[in-house]
Amino acid sequence: MRLMRMFVIAVWLTTHALHAQAFSGGAPVQACMNQQVQSPHSVSSAGSGGYSLSAARSFYIPGKTIVITLRGSSAFEGVLLSAFDQSSNLTGTWQTPGVAYQLACNSQSITHASANLKTVPATFAWTAPAAGAGAVAFNATVVLSTSTSFVISGAMLTEIDDDLFLDGFE
C-alpha cells in the first residue's frame, strides 16, 4: 500500500512539474489552437482585470509594422498576444521581442519566456499581412498567476491602401 501511495505521489508531482515547466517557458503549443494560456488549475476570470490592448493608430498598412501596447494595473506572469483576421485566423507576424517574451505559433503570436513578473506597459511590434486581409483584431490572454487569467479583446485596425497613404504618417 505504501509503495502504491509513493508511486501515485511521484506520478502526480511529475505531471504537475511538467505543466509548470511548460507554462513558465511560454504558452503551450495547444494554445495556438484555442488562443488561451491556462494551467489545468486556472479559470479565466470575468472582465479585463484592468488590462487593455491598444495600437499606435486605428489603421494598418499592408506589410508595415505598428506598435501594439498591453497596459494594466499590475505586473503579470504570462501572456499570449495574437492578431486575427475577419475569418478568425491568425494574421500578420510579430518581431522578435526582448528577453521576457518569445515568438509562438509560427511567429504569429507573442508569449512569455519565463514566469518572472513582467511590467506594464509592454510594447510589441506587429507586421501587418499583405493587402486584402481586411480588418484585424488583437486579443490577449494575460496570466496573473496559475489560478487567474483574463482574456482581453483589444484594438481593431482597418486596412488602408498604401498607395493612398500620406507620406507624413509612416
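Values computed for the structure shown
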read-out: Charge context of Leu157, other residues only, Cβ under 13 angstrom, K/R +1, D/E -1; value: 0
read-out: Fewest-first ranking of Ile152, Ile110, Ile160, using other Cβ atoms within 10 Å as the exposure measure; value: Ile160, Ile152, Ile110
read-out: Percent antiparallel among DSSP beta bridges (both partners in the stretch 50-170, rounded to 5); value: 95
read-out: Overall Cα dimensions of the stretch 89-134, principal axis frame, Å, largest first; value: 38, 20, 15
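Readers should treat all values here as calculations from the given coordinates under stated rules, not as data from a laboratory. Predicted model only: the values in this text are computed from it and were never measured. Because the Cβ atoms are built from the backbone with ideal geometry, glycine has one as well, and the counts that use them run over all protein chains shown.
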